[in-house]
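> Questions regarding the structure given below will be posed in turn.
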Amino acid sequence: MAAPRKYPDELRERATRLAVEARKDPAGRAGAIKRIADQLDVHPEALRGWGKRAETDEGIVPGTTSADAFWSRSYFAGFCGGAPLTVTRQYIEGQKRPA
């Protein structure tokens with residue numbers, strides 16, 4: 001079971017939206033993350049990470065988007081239920097990348 005999140009999704013979305021908008025404005029860019037984090041009572045580094053991910057996902061800054069991060073050319077199979085490596089490899093190679 002996943003650990004409970006410290007911040008509700010609604011707060012994360014609102015904080016992220018405010019941070020991304022504030023960082024678009026050159027005049028308000030300096031200190032925007034800290035200012036918004038203090039106002040919403042979230043940790044500045046958490047907000048910085050959410051903002052960076054959102055900016056990448058929106059194409060504002062270059063990088064690997066959240067959607068692309070899951071799909072890579074490398075795989076790790078820690079446990080394959082006893083299936084032979086050839087079967088596991090065939091299964092992995094048969095997976096289609098989402099459109």
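> For the peptides 44-53, 4-13, what is the packing order when you average, over each peptide's residues, the other Cβ atoms within 10 Å and list the highest mean first?
Those peptides, ordered most packed to least, come out 44-53, 4-13.
> With r defined as the distance between the Cβ atoms of His43 and Asp68 and R0 fixed at 22 Å, what FRET efficiency is calculated, to the nearest 0.05?
It comes out at approximately 0.25.
> From a point 7 Å beyond the Cα of Ala83 in the direction of its Cβ, which residues of segment 1-32 have a backbone N at a distance under 15 Å?
none
Each value in this text was obtained by applying a stated rule to the coordinates, not by laboratory testing. Keep in mind it's a predicted model, so treat the numbers as computed, not measured. Counting neighbours? That spans all protein chains shown, and the Cβs are built from the backbone with ideal geometry, glycine included.
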